[in-house]
Amino acid sequence: MKAYLLAEEALGNGRLTLHQREEISLAVAEINGSNYCLATHELAGKQAGLSDEEVTLARKAWSNDAKTKAMLHFVQAVVLQRGEISDDDFSALRTAGFAEAEIIEILANVVLNIFTNYFNLLAQTDLDHPLSRPDWKDRPYNLPNQSA
């Protein structure tokens, strides 16, 4: 818990805005199917100033803003490709205007969110506040069973 809190504090004092960090959290929680984190970040995102549309789009790793869209596509690629990112993925972020330090922060936010997603999934944490959309089970990221 101490490591999580220290990481959260460090990232909160980084270059990414609270808006961006919440959009990352929403995209990662949606992909990982973490109901608790999704509900928590939906609420936190709205408190941070995200509109209902921005919350909905972030959950789909999308945005009407080109820079945010590039960030969320990178986030989606990192999670779905388990970190195996191409030079094109990095190039798209640089072209969108992200500096190297910001790209590292994006990655760190993804990793921290994966940790909390998995923690809450394993703990089967009960929702203490509902999702605003009833269709949360209709995730676009249902991956095929990868049993070997």
Karplus 3J(HN,Hα) series, Hz, for segment 29-43 with 6.51 cos²θ - 1.76 cosθ + 1.60 (x for Gly, Pro): 5, 5, 4, 7, x, 8, 4, 4, 5, 4, 5, 5, 7, 5, 5
Taking all pairs of distinct alpha-carbon atoms in segment 2-123, Kirkwood radius in angstrom: 14.2 Å
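So what's the back-of-envelope 222 nm ellipticity for the chain, counting only DSSP H runs of four-plus at -39500 (n - 2.57) apiece and dividing by all residues, rounded to 500? Kindly include the intermediate steps, with their values, before the conclusion.
Values: 7 runs with 96 residues, N = 148.
Computed mean residue ellipticity for the chain: -21000 deg cm²/dmol.
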Extension gain, Glu53 back to Ala3 (0.36 nm per residue minus Cα-Cα distance, nm): 14.7 nm
Backbone HN-Hα couplings from phi across segment 13-25 [Karplus 6.51/-1.76/1.60, Hz, Gly and Pro as x]: 9, x, 8, 6, 7, 4, 3, 4, 5, 5, 5, 4, 4
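For Lys69 and Ala123 in the same chain, what is the full-extension length gain: residue separation times 0.36 nm, less their Cα-Cα distance, in nm?
Full extension from Lys69 to Ala123 adds 16.3 nm.
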For segment 1-70: lysine pairs under 24 Å (alpha-carbon distance), excluding those fewer than 8 apart on one chain: 4
Listed residues Leu38, Leu57, Leu72, most fluctuating in the chain (Gaussian network, C-alpha, under 10 Å): Leu57
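Coordinate-derived values only; no laboratory data. This one's a predicted model, so the numbers in the text were calculated from it and none came from an experiment.
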